[in-house]
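Participant: Dropping the structure in here first, questions after.
The values are calculated or read from the model by the stated rules, or taken from the named source; none is laboratory data. These figures come from a predicted structure and were not determined experimentally. Counting neighbours? That spans all protein chains shown, and the Cβs are built from the backbone with ideal geometry, glycine included.
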Amino acid sequence: MANKKVDIADIIDFQTNWWFTGSTMLLCCLVLMVDGFDNQAINYTSAAIIREWEIERVLFTPIFWANILGWMTGSLTFSMIADQIGRRNATIFATVLFSGFTYAMSHATGLWDLAIYKFISSVGVGGAMPMAIALVADYTHSKYRGLFITLLFIGYSAGTVGGGFMAAELILTAGWQSIFQIGGIVGLVVAGLLVFTLPESVRYLLVQGAPQDKVHKYVRRMKPEYVIEPGTEFFIKEAKKQAGVPIGYLFKDGRALMTFLLWFALGFSFVTHFFISNWLPILLSDYMELDDVNRIKAMFQLGAFFGFVFGWLIDRYGIPVVTVTKLVGAIPVAMIGLALVSEVNTFTLVAITLLSGICVLGGTIGLNAISSMIYPTFIRSTGSGAAFAAARIGALCGPSLGALLIYLEVPVMWMFVIGAVPMLLSGICAYGLSRTVDVLHARKPPHSEHVDVGEREVPAGHAPART
């Protein structure tokens, strides 16, 4: 009997066991929840640490750098590792790493050991996020991929917002150390749960040439009623990765300009993101008590909760959704400083901060989703991770910008006006990315492989022939 060949995409797009997909989604949400909590813990505790250790605010900048450099390192290295050992193992390892060293931060006694612990923790934080995104993307119907990826960030938002309200209640009574202890312990519990429940990506298994029996196991989990006849062979319409450095494939087959524009759009967005995330609590502490500071900072992080809205819009209208969000989002960011000096009521400040969070964080989540949609499976986690790592170069400029403005004694109102400028630049790059994707789509050969961004096809490219 001749072998029956079945495209795995047909199984994924028409799977019937939604518990399998839903549980995978939930597990990845938990990863992003503890990832977000542990990542933001340093921002919620920074003002308290500065007061307790009696140091100048600018001296805390290297801690923010350590956070971002670790995140950059983790985003790139874990993504490349995952293309070799799988999404599952890389996700578990990253979660254990950032949880263990987040707990270690509670024992820091000075800036040096705090920076070392934060760097190592952030390597895991940077590695876990693209792994979870890639895993969900690999099991999601192509039509709804953007929505499901951005829904993941509800978990991230829950961790970051919950961390803010927890910090508001605990720092004044239990000390800043309690925030790191809670984050570390909960993260390790989640990692233990992943060991027994997190599946591997079936797309990854096929790209890597795994035995068909292993693939059959996941097919049965996705579609229990599907009868796998003898001789059935599942395949994926994407070329296997050939010899060479994985990151090099991001610049082949016309993907170079697309890759650079994605990096710059994320990078500029992260300048504003980290300027606000790192310095907003410290700047607010000059105007109000620490518990109120952390509650308002939590409202900024709540903006990430609306990321799924951007995913839904991207599925329908494509990359221009992010372009508009970034351009419009510069307005509320600039207004934060004006609200502070004008001594507006707390409700108004909260509303402006929340709107800023929706545009800054929600729009960035949309870009993150796009990074996992415009590359083929064999470099998807590398493409997503490389975009995250490149964006961290922009993120390094966020705390640096704040430190420079504080050193120059720039009025707080103008600090936020200047901090809004990178949002405009991010919008311009997103516009260029949209146009580039359109051009690549127009040049796509009739039978080339593709992934979907909303209702439009985006060229996924092919691995070059072995030389």
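Participant: Can you give me the ranges of the helices (runs of 4 or more DSSP H) entirely in the range 1-88 with at least 3 residues that are loosely packed, with under 14 Cβ neighbours inside 10 Å and under 27 Å from the mean Cα position of the chain (by Cα)?
Facilitator: Helices (runs of 4 or more DSSP H) meeting the threshold: 18-53.
Participant: Could you tell me how many of the residues in the range 309-327 are over 15 Å from residue 272 (Cα atoms), buried (at least 23 other Cβ atoms within 10 Å of the Cβ), out of contact with any strand residue (DSSP E or B) (no Cβ under 9 Å at 6 or more places or on another chain) and not β-branched (Val, Ile, Thr)?
Facilitator: Total satisfying the criteria: 2.
Participant: On the given criteria, is residue 85 without any contact (Cβ under 8 Å) to a residue 12 or more places away in the chain and either out of contact with any strand residue (DSSP E or B) (no Cβ under 6 Å at 6 or more places or on another chain) or among the basic types (Lys, Arg) (or both)?
Facilitator: Taking the combined requirement at face value, the residue satisfies it.
Participant: Further question on the same structure: Within the range 335-350, which residues are surrounded by fewer than 20 Cβ atoms within 10 Å (Cβ to Cβ) and in contact (Cβ under 8 Å) with a residue 40 or more places away in the chain?
Facilitator: Of everything in the range 335-350, those that are surrounded by fewer than 20 Cβ atoms within 10 Å (Cβ to Cβ) and in contact (Cβ under 8 Å) with a residue 40 or more places away in the chain turn out to be 338, 341, 346, 350.
Participant: Return only the number of the condition from (1) crowded, with 24+ Cβ neighbours inside 10 Å; (2) touching a Lys or Arg at 6+ places or on another chain (Cβ under 8 Å) that residue 282 does not satisfy.
Facilitator: Going through the list (1) crowded, with 24+ Cβ neighbours inside 10 Å; (2) touching a Lys or Arg at 6+ places or on another chain (Cβ under 8 Å), residue 282 breaks only (1).
Yes/no per residue for (1) buried (at least 24 other Cβ atoms within 10 Å of the Cβ); (2) modelled with pLDDT of 80 or more; (3) more than 23 Å from residue 63 (Cα to Cα); (4) of a type in the set (Gly, Ala, Ser):
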position	(1), (2), (3), (4)
329	yes, yes, yes, yes
371	yes, no, yes, yes
392	yes, no, no, no
397	no, yes, no, no
407	no, yes, no, no
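Participant: Do you know which residues across the range 118-153 are within 30 Å of residue 60 (Cα to Cα), surrounded by fewer than 23 Cβ atoms within 10 Å (Cβ to Cβ) and not aliphatic (A, V, I, L, M)?
Facilitator: Across the range 118-153, the qualifying residue is only 119.
Participant: Follow-up. Write out, first by first residue and then by second, each pair whose Cβ atoms fall under 9 Å of each other, whose residues are 6+ apart or on separate chains, and whose first residue, in the range 214-235, is without any contact (Cβ under 8 Å) to a residue 24 or more places away in the chain while the second is among the acidic types (Asp, Glu).
Facilitator: Pairs that qualify, where the first residue is without any contact (Cβ under 8 Å) to a residue 24 or more places away in the chain and the partner is among the acidic types (Asp, Glu), are 214/200; 218/200.
Participant: Follow-up. Quick check on residue 116: is it closer than 15 Å to residue 70 by Cβ and out of contact with any helix residue (DSSP H, G or I) (no Cβ under 6 Å at 6 or more places or on another chain)? Break it down into steps so the answer makes sense when it comes.
Facilitator: Numbers: closer than 15 Å to residue 70 by Cβ: yes; out of contact with any helix residue (DSSP H, G or I) (no Cβ under 6 Å at 6 or more places or on another chain): yes.
The answer is yes for residue 116.
Participant: Right, another one. Hey, among 102, 95, 91, which residue is touching a Lys or Arg at 6+ places or on another chain (Cβ under 9 Å), hydroxyl-bearing (Ser, Thr, Tyr) and modelled with pLDDT of 90 or more? Explain how you work it out, then say what you get.
Facilitator: Details: 95 fails: touching a Lys or Arg at 6+ places or on another chain (Cβ under 9 Å); 91 fails: touching a Lys or Arg at 6+ places or on another chain (Cβ under 9 Å).
Exactly one of 102, 95, 91 is touching a Lys or Arg at 6+ places or on another chain (Cβ under 9 Å), hydroxyl-bearing (Ser, Thr, Tyr) and modelled with pLDDT of 90 or more, namely 102.
Participant: Further question: Pick from the range 260-276 the residues that are among the aromatic types (Phe, Trp, Tyr) and closer than 13 Å to residue 427 by Cβ: which of them is surrounded by the most Cβ atoms within 10 Å (Cβ to Cβ)? It would help to see each step written out before you state the result.
Facilitator: Keep residues of the range 260-276 that are among the aromatic types (Phe, Trp, Tyr), which gives 260, 263-264, 268, 270, 274-275.
Next, only the ones that are closer than 13 Å to residue 427 by Cβ stay: 264, 268.
On the way: 264: 21, 268: 24.
Checked the range 260-276; the qualifying residue surrounded by the most Cβ atoms within 10 Å (Cβ to Cβ) is 268.
Participant: Is it true that residue 118 is at pLDDT 90 or above and among the charged types (D, E, K, R)? Spell out how you get there, then give the answer.
Facilitator: Values: at pLDDT 90 or above: yes; among the charged types (D, E, K, R): yes.
Yes; evaluated as a whole, the condition is true for this residue.
Participant: Is the range 109-124 home to any residue that is part of a helix (DSSP H, G or I) and closer than 16 Å to residue 25 by Cβ? Give the derivation first.
Facilitator: Taking the range 109-124 as the starting set, the residues that turn out to be part of a helix (DSSP H, G or I) are 111-124.
Still in the running and closer than 16 Å to residue 25 by Cβ: none.
No, the conditions are met nowhere in the range 109-124.
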